[in-house]
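Shown next, in structure tokens, is the structure this report addresses.
The values are calculated or read from the model by the stated rules, or taken from the named source; none is laboratory data. Computed from a predicted structure; not experimentally measured. Reconstructed Cβ throughout: ideal geometry from the backbone, glycine too, with neighbour counts over all protein chains shown. Please note that ligands, DNA and RNA were not included when accessible areas were found on the heavy atoms of the full protein model with its side chains. Shrake-Rupley method; radii C 1.70, N 1.55, O 1.52, S 1.80 Å.
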Amino acid sequence: MGVFRDFNFKLLVIDKLMYQDEVIQPRFRIADVLHAKGATGDLWKYLYEQNLLYTVLEEARRYFTDLEITPDQLAAVEELTTDGGLEIYHQCSPFWDGEDDLFDVTSLDDLALLPNLRVIHGGDEAMMAAPGAEDILKARGIAVG
């Protein structure tokens, strides 16, 4: 199993495998988890009252941190997408507005887990929070655009 160092990088991989390609099932739904905990009615109001609107919810962090991704699944990832509208971001922080660095990737060490990654769509913004990102991606032959 691949061990990720950067949680936000792992989220990009999970989004690809769970929400885009549907390789990892079942899809995680934070609303189901919160409703099981007793959150009823307006989810926005519930999270607002808990002061949790613009943070990664602990239930999602724990689930995605613990989620194991097989070497075969990692090898199948040829492209990633970084975009504030990714489904996984809405599962981690349902009302996140994309106006801060909550999901910025700060390390590219986890690229080693994706031997067949060839392109990162939108990576010019989200990946550039990682030191030396442009040089690292270029050296690995990973296109950004």
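Accessible surface computed residue by residue for the chain, with neighbouring protein chains in place and a 1.4 Å probe, gives 54 Å² per residue. What you get for the stretch 68-124, charging only the Cβ of Lys and Arg (+1) and of Asp and Glu (-1), is a dipole of about 220 debye around the Cα centre.
Listed by chain and number, the lysines whose C-alpha is less than 26 Å from the C-alpha of Lys45, apart from same-chain residues fewer than 8 away, are Lys37. Taking the Cα centre of the chain as origin and assigning +1 to Lys and Arg Cβ atoms and -1 to Asp and Glu Cβ atoms, the resulting dipole is close to 360 debye. For trypsin sites (Lys or Arg not before Pro), the sites in the stretch 34-72 that DSSP calls loop and that have at most 10 other Cβ atoms within 10 Å are Lys37. Remark: the stretch 1-79 carries a charge dipole of roughly 280 debye about the Cα centre, counting +1 on each Lys and Arg Cβ and -1 on each Asp and Glu Cβ. Once the C-beta distance of Arg140 and Asp72 is scaled by a Förster radius of 25 Å, the resulting FRET efficiency is 0.75 to the nearest 0.05.
Once you mark the chymotrypsin sites (Phe, Trp or Tyr not before Pro) that are in a DSSP loop and have at most 16 other Cβ atoms within 10 Å, what is the longest gap between them in the chain?
Details: sites that count: Tyr54, Phe95.
After excluding every exposed loop site, the longest remaining stretch is 1-53.
With loop defined by DSSP as not H, G, I, E or B, and exposure as at most 12 other Cβ atoms within 10 Å, which is the longest segment of the chain clear of exposed GluC sites (Glu not before Pro)? After excluding every exposed loop site, the longest remaining stretch is 100-145.
One entry in (i) 8.4; (ii) 12.6; (iii) 11.3 is mean projected area of the Cα convex hull in nm² calculated from the shown coordinates; its label is (i).
The GNM of the chain, with springs linking C-alpha atoms under 10 angstrom apart, assigns the highest mean-square fluctuation among Asp110, Asp42, Asp15 to Asp42. With a cut-off of 13 Å on the backbone N, no residue of the stretch 9-40 is near the modelled label site 7 Å out from Arg61 along Cα-Cβ.
Calculated FRET efficiency, Glu125 and Asp21, Cβ-Cβ r, R0 30 Å, to nearest 0.05? Let's see the in-between values first.
Working: r = 23 Å, r/R0 = 0.76.
The computed FRET efficiency comes out at 0.85.
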